[in-house]
Amino acid sequence: MAEQKIFAGHGLRRLRRSLALTQIAMAESLDISASYLNLIERNQRPVTAAIIMKLVSVYDFDPRSLTHDEPGGGEEALRRRLSDPLFADISIDRTQLQEWMAAAPDSAQAFALLYDSYISTPKSANENPIKLDPVRNEIERWNGYFADLDVLAEELADELRLSSNDLYNAISERLRVKHQITVRILPYDIMPDLLRRMDLHARQLQISETLSSSSRLFALASQLAQLEADNEIENLVKGAGFDDHVSQRLFRRHLTSYFAAAVMMPYSRFMRACESSGYDVDLLGRRFVASFEMVAHRLTTLQRVGARGLPFFMMRVDKAGQISKRYAGASKSPLIEGNKHCPLWNVYDSFNTPGRIVTQLVALEDGSRWFTIACSLYKNDKLEPQSSYHDSRTQFTIVIGLKAEFAKKISAASAMDIHDDIGFPIGLGCMDCARHNCTQRSQAPADKVLTFNERERGITPFLFAPD
């Protein structure tokens, strides 16, 4: 049987450099010639299964990381950058892009970094954009999983269970005994504009009565993260090497929330519950006293070596299609990219039925199929709007998804024929979609030229010539 082969020269080069090895030194440890290793790193030879096994044996690393760290985030990520109107006069087809990534991965990575820097740079003196892209890039560099934080959180969760089966009470008691901090629930009229506040003078964590039980628990766990995981969080922030304070603070906030969620949903117990329930988000939320959004985000972080979960992505959108959260996890899904989505994607239907799970199997132009799950919630994880005059009608839809090949393990997909169903055809937003004769199209693709025929009228006014 022929050996399985993959081209992962860029990932192998990154591994070698991270170990501070020369090509000669690594080649000797792999029992191959330095010239052959050079060809592998330039993607002129594949990394065979035998070489991968040798790499695992000698360097004890996760072989999946060879393909995770593709230049510029991979082919689809580079293609989306090149679809910018800035490059409208340049035609680079998929074959050229693949050849560029294979022959010169470092230059592809350099292009991606320059482009990302360009779009995040203020275009006028009056602009002051929040730098979210560097933070997101750092999160995705780790595939959303921070091993040191997760292990520490799991150990803490096990310790808390010994004192009480009720996690909220256990954390409250730990804050009181170990940190001399009491927890107090305050009425709305005392904290009308805050959900939680740490009063250092009174040594009191104050929480709004408007928060749900899961949000109250998350508030306590977040405070515990700041007290007991501060060193680990700070090391990760420093290691990211951000050059601005905004990115540092955003990343620190993400890691604090990550630790809090890991305490609420400890890795091993949560992983077992996922597998036994078929990744039932609603059931997992009830079992771990977590909201739909908290569980959805946690699903994107299950990347522990030897105990990986399914590769989910997650995002949070509003009725206008604006994305306030997006996490790729290990999915590398193009569905969470950009600021526009296809109106044929049914995730927006969930706004009409809050609390109801909406599923869909979709097919993208590149042939990939994705199974998605969406649920809409009002502010503070409520299913109904304005239960009192204090609540607003703030509403978001939480979306998770993964490649169709993994969906057979999900209870929400049990009624679908995942294997034979080709999926509903959607695009990545009209500007990036080249599907013809779409009745929902609102504009032509960015890299296409409109065509006109005065003697005919098609089902859409946006006609363009095929490739």
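Between Leu19 and Ala147, the simple label model (points 7 Å from Cα in the Cβ direction) yields a spacing of 1.5 nm.
Fully extended, how many nm does the chain gain between Asp93 and Asn231 (0.36 nm per residue separation, minus their Cα-Cα distance)? Write down the numbers at each step before the final one.
Details: separation 138, 0.36 × 138 = 49.68 nm, distance 4.70 nm.
Residue separation times 0.36 nm, minus the Cα-Cα distance, leaves 45.0 nm.
Could you order Val305, Val177 so the one with the most accessible surface comes first? Probe is 1.4 Å.
Numbers: Val305 105, Val177 85 Å².
Descending order: Val305, Val177.
Please name whichever of Ile190, Leu283, Ile398 sits farthest to the positive end of the charge dipole of the chain, dipole taken about the Cα centre and charges placed at Cβ: Lys and Arg +1, Asp and Glu -1. Highest projection toward the positive end goes to Ile190.
For the pair the range 313-341 / the range 166-197, the C-alpha centres are spaced 33 Å from each other.
Rank these residues by their accessible area, most exposed first, probe 1.4 Å: Cys438, Cys375.
On the way: Cys438 30, Cys375 5 Å².
Descending order: Cys438, Cys375.
Enumerate the helices in the chain for which the Kyte-Doolittle hydropathy averages 0.0 or more and the C-alpha atoms extend at least 24 Å along the helix's axis, using complete DSSP H runs. All intermediate terms of the calculation are to be shown ahead of the outcome.
Numbers: long enough: 147-163 (25 Å, 0.14); 245-264 (29 Å, 0.09).
Within the chain the helices that satisfy the rule are 147-163, 245-264.
With K and R counted +1 and D and E -1, the other residues having a Cβ less than 11 Å from that of Cys430 yield a net charge of +3. Shown is the FRET efficiency for Ala307 and Phe464, computed with R0 = 45 Å from the Cβ-Cβ distance and rounded to the nearest 0.05: 0.40.
The simple Förster model, with R0 at 22 Å and r as the Cβ-Cβ distance, assigns Arg80 and Lys238 a FRET efficiency of 0.10.
If the chain linking Ala273 and Asp158 were pulled fully straight, counting 0.36 nm for each residue of separation and taking away their Cα-Cα distance, it would gain 39.8 nm. A simple spin-label model places pseudo-atoms 7 Å from Cα toward Cβ; at Asp318 and Asp166 they are separated by 3.7 nm.
Quick one: pull the percent of accessible area on the chain belonging to carbon and sulfur, 1.4 Å probe, ligands and nucleic acids left out. Let's see the in-between values first.
Values: 12490 of 24630 Å².
Its accessible area is 51 percent carbon and sulfur atoms.
Could you state the accessible area per residue of the chain in Å², with a 1.4 Å probe and every protein chain left in place?
Details: 24630 Å² over 467 residues.
That works out to 53 Å² per residue.
Over 29 Å between C-alpha atoms is what I'm after, so list which of Lys54/Lys238; Lys54/Lys409; Lys238/Lys332; Lys238/Lys403 land there. Mind dumping the intermediate values first?
Numbers: Lys54/Lys238 33 Å; Lys54/Lys409 31 Å; Lys238/Lys332 26 Å; Lys238/Lys403 34 Å.
Pairs exceeding the cut-off: Lys54/Lys238; Lys54/Lys409; Lys238/Lys403.
Each helix, a run of at least 4 DSSP H residues, gives -39500 (n - 2.57); summed and divided by the residues of the chain, these come to -12000 deg cm²/dmol at 222 nm. Using θ = phi - 60° in the Karplus curve 6.51 cos²θ - 1.76 cosθ + 1.60, the 3J(HN,Hα) couplings for the range 181-196 round to 10, 9, 10, 9, 8, 10, x, 4, 5, 7, 10, x, 10, 10, 9, 8 Hz; x is entered for Gly and Pro.
With a Förster radius of 56 Å applied to the C-beta separation of Ala49 and Asp189, the computed FRET efficiency comes to 0.25. Solvent-accessible area of Ile323, all protein chains in place: 40 Å² (probe radius 1.4 Å, heavy atoms, ligands and nucleic acids excluded).
How high is the relative contact order of the range 226-344, in percent, counting Cα pairs under 8 Å that sit 6 or more residues apart? Don't jump to the answer; show the numbers that get you there.
Working: 105 pairs, mean separation 16.3, N = 119.
This gives 14 percent for the range 226-344.
Between the residues Val295, Ala147, Ser29, the greatest Cα displacement towards the positive end of the dipole of the chain, with unit charges on the Cβ of Lys, Arg, Asp and Glu, is found for Val295. Using a cut-off of 15 Å between beta-carbons, work out the net charge of the residues near Ser57 (Lys and Arg +1, Asp and Glu -1, Ser57 not included). Its environment carries a net charge of -3.
Keeping all protein chains in place and using 1.4 angstrom, which order do Thr439, Thr182 fall into by accessible surface area, from largest down? It would help to have the intermediate numbers written out before the result.
Numbers: Thr439 110, Thr182 60 Å².
These residues rank, largest area first, as Thr439, Thr182.
A simple spin-label model places pseudo-atoms 7 Å from Cα toward Cβ; at Thr451 and Leu283 they are separated by 5.2 nm.
The charge dipole of the chain, taken about its Cα centre with unit charges on the Cβ of Lys, Arg, Asp and Glu (plus for the first two, minus for the last two), comes to roughly 560 debye. Only protein heavy atoms count here; on that basis, with a 1.4 Å probe, Tyr188 has an accessible area of about 60 Å². Across the range 338-347, rounded Karplus estimates of 3J(HN,Hα) from the backbone phi angles (6.51 cos²θ - 1.76 cosθ + 1.60, θ = phi - 60°) give x, 10, 10, 10, 6, x, 7, 6, 7, 4 Hz, Gly and Pro being marked x.
The dipole here belongs to the range 143-221: it is taken about the Cα centre, uses +1 on the Cβ of Lys and Arg and -1 on the Cβ of Asp and Glu, and is about 340 debye. The figure for Arg287 is an accessible area of roughly 130 square angstrom, using a 1.4 Å probe on the protein chains alone. Multiplying the residue separation of Asp349 and Ser29 by 0.36 nm and removing their Cα-Cα distance gives an extension gain of 109.6 nm.
The values are calculated or read from the model by the stated rules, or taken from the named source; none is laboratory data. Since the structure is predicted, the reported quantities are computational estimates derived from the model, not experimental observations. Cβ coordinates were reconstructed from backbone atoms using ideal geometry, including for glycine residues, and neighbour counts include every protein chain displayed. All accessible areas refer to the heavy atoms of the entire protein, side chains included, with ligands and DNA or RNA removed. Shrake-Rupley method; radii C 1.70, N 1.55, O 1.52, S 1.80 Å.
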